[in-house]
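Colleague: Have a look at the structure that comes next, please.
The values are calculated or read from the model by the stated rules, or taken from the named source; none is laboratory data. Predicted model, so just to flag it, every value in this text is computed and none were measured. Cβ placement follows ideal geometry from the backbone for every residue including glycine, while neighbour counts extend to all protein chains displayed. Heads up: the accessible areas ignore ligands, DNA and RNA and are worked out on the full protein's heavy atoms, side chains in. Shrake-Rupley method; radii C 1.70, N 1.55, O 1.52, S 1.80 Å.
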Amino acid sequence: MIRTCLLMLVGCFCLSSFGQVTLDECRAAAQQNYPLARQYDLLRLSEQYTLDNATRGNLPQVSLSGKVSYQSEATTFPFDIPGIGMKGLPKDQYQIQLEVTQNIWDGGNIRARKEQVKTETEESRRQLNVTMYALNEQVNQVFFGILLIDEQLEQNHLLEEDLQRNLKNIRAYRDNGIANDADVDAVQVEILNTRQQRTQLTANRTAYLRMLSLLTGKPLDEQTQLIRPVSPDDKTAFRIARPELDLYNAQVQSLEVERHNLQAGYMPRIGLFAQGAYGNPGLDFLKDQFRAYYIVGARLTWNFGNLYTLKNDKRKLDTRRLQIESNCDLFLFNTRLQLAEQDGILLALQKQMKDDDEIIRLRSNIRQSAEAKVANGTLSVTEMLREVTAESLARQAKALHEIQLLMHQYQQQHLTNNQPTINP
């Protein structure tokens, strides 16, 4: 028997803990389930492939070309050259050429391209972080919406219990001649209204659970219980650490890389080349026959055209930097406005909650007095039901204030991002 009782206790404990989810679990699951999360891997692969392609710029470059031409005139000799039977170059010419070039120094162009790829990828990753961070706010709204509905269902259940108790008393009063059938009907109407409200609240909870299930990718049913989170620590409530700030920093870093890359645009390039060809005429144009030949050497190229626009290019980068700084200042300004609004809401809720318990106590006394007056026949049942409903509304208001306070505290935390979030 002892073993059976222990097994039953363990089973009850397992059942009570089954189907419970926390806010942190929902956030983490939503971050993993959101379709946009797959782009983290895509960004990493794209960066890897692009960097690999940029590195291959140092490998020997091979090109193959061919040419067949006919020209109306060609160079001719006005005199006969002893030992050479040709009068000049042929009008039809043929050539096929294979060229191999090897980069020795490209002025830092490949290194600049690799740095640019890294900064652009980091900027895209930061932008993705901003989008993914906004998902936490959706999870918060749905999660706290379900908690609020759960509190309303609990108060609805307590109200129906009070009404059922009063219905039993009113029936006894009717049997004793203190009340009548209309008084019994009035209580039953309130009970039916309470059940209708419960039906609507249950339907709303099911819809919210469906939304939370879609966000997290986890199966959630009507038996799922949400654990109310604890109040967050607000010691650093106004220290803003949002991912948008990381995005602005990444954009500024990208501009710095572009500024350094401007230097690579006007630097010289040095390389080796080797050409092998077969055609007519060959290098010895005095011989009208197909011949193979080759050329090897070094090549220096230096384009000064980028120097003409260098000053304007730098000014454009300075302008873009000022735009980024302006966007950052605007974001901080709007965020501080939202934090000030949240601070006012939290202060008002905290003041309201100080009176909630006293209001409930007074409403409870009024309701008990009304029930006693009905028992004595000095108060109508309708007036008593009004006091019962008023007490229930007071309890609902307290529960609403508690959930709203918690919700706005987490909204303030979301605005500052003081709590680390889970990113793929």
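Colleague: When the residues of region 209-232 are filtered to those that are open to solvent by 80 Å² or more (accessible area, probe 1.4 Å) and out of contact with any helix residue (DSSP H, G or I) (no Cβ under 9 Å at 6 or more places or on another chain), which remaining residue is modelled with the lowest pLDDT?
Modeller: Among those residues, the one meeting the criterion is 223.
Colleague: Still on this structure, please answer the following. Failed condition for residue 297, given (1) part of a strand (DSSP E or B); (2) open to solvent by less than 90 Å² (accessible area, probe 1.4 Å); (3) touching a Pro at 6+ places or on another chain (Cβ under 9 Å), with all others met?
Modeller: Of everything listed in (1) part of a strand (DSSP E or B); (2) open to solvent by less than 90 Å² (accessible area, probe 1.4 Å); (3) touching a Pro at 6+ places or on another chain (Cβ under 9 Å), residue 297 misses just condition (3).
Here is a yes/no grid of residues against (1) touching a helix residue (DSSP H, G or I) at 6+ places or on another chain (Cβ under 9 Å); (2) farther than 24 Å from residue 266 by Cβ; (3) modelled with pLDDT of 80 or more; (4) in a loop (DSSP other than H, G, I, E, B):
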{"residue": "51", "(1), (2), (3), (4)": "yes, yes, yes, no"}
{"residue": "69", "(1), (2), (3), (4)": "no, yes, yes, no"}
{"residue": "74", "(1), (2), (3), (4)": "no, yes, no, yes"}
{"residue": "79", "(1), (2), (3), (4)": "no, yes, no, yes"}
{"residue": "85", "(1), (2), (3), (4)": "no, yes, no, yes"}
{"residue": "90", "(1), (2), (3), (4)": "no, yes, no, yes"}
{"residue": "103", "(1), (2), (3), (4)": "yes, no, yes, no"}
{"residue": "107", "(1), (2), (3), (4)": "yes, no, no, yes"}
{"residue": "111", "(1), (2), (3), (4)": "yes, no, yes, no"}
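Colleague: Which of the residues spanning region 182-208 are farther than 23 Å from residue 166 by Cβ, touching a Leu at 6+ places or on another chain (Cβ under 9 Å) and open to solvent by 30 Å² or more (accessible area, probe 1.4 Å)?
Modeller: Selection gives 202 alone.
Colleague: Consider region 147-179. How many of its residues are open to solvent by 80 Å² or more (accessible area, probe 1.4 Å) and within 19 Å of residue 382 (Cα to Cα)?
Modeller: Selection size over region 147-179: 8.
Colleague: Anything in region 122-159 that is acidic (Asp, Glu) and touching an Asp or Glu at 6+ places or on another chain (Cβ under 8 Å)? List them, or say none.
Modeller: Passing the criteria: only 151.
Colleague: So which of 322, 400 is open to solvent by 40 Å² or more (accessible area, probe 1.4 Å), out of contact with any strand residue (DSSP E or B) (no Cβ under 6 Å at 6 or more places or on another chain), closer than 30 Å to residue 162 by Cα and not charged (D, E, K, R)? Walk me through it before giving the result.
Modeller: Working: 322 fails: closer than 30 Å to residue 162 by Cα.
Unique residue meeting the criteria: 400.
Colleague: For region 325-335: of the residues being over 18 Å from residue 407 (Cα atoms) and surrounded by 13 or more Cβ atoms within 10 Å (Cβ to Cβ), which is farthest from the chain's Cα centre (by Cα)?
Modeller: The selected residue is 325.
Colleague: Here's a follow-up. Given the residues 383, 387, 358, 371, which is the only one that is more than 13 Å from residue 179 (Cα to Cα), in a helix (DSSP H, G or I) and open to solvent by less than 50 Å² (accessible area, probe 1.4 Å)?
Modeller: 387
Colleague: Let me ask something additional. Can you tell which of 250, 203 is in a helix (DSSP H, G or I) and under 29 Å from residue 396 (Cα atoms)? Lay out the reasoning, then the answer.
Modeller: Values: 250 fails: under 29 Å from residue 396 (Cα atoms).
From the options 250, 203, the qualifying one is 203.
Colleague: Between a residue in region 241-265 that is under 13 Å from residue 115 (Cβ atoms) and touching a residue at least 40 places away in the same chain (Cβ under 8 Å) and any residue that is part of a loop (DSSP other than H, G, I, E, B) and open to solvent by less than 40 Å² (accessible area, probe 1.4 Å), which pairs come within a Cβ distance under 6 Å, given they are 6 or more apart or on different chains?
Modeller: 264/107; 264/108
Colleague: Do we have residue 298 as in contact with a Leu (Cβ under 7 Å, 6 or more places away or on another chain), under 22 Å from residue 98 (Cβ atoms), at pLDDT 85 or above and of a type outside the set (Val, Ile, Thr) here?
Modeller: So residue 298 passes the test.
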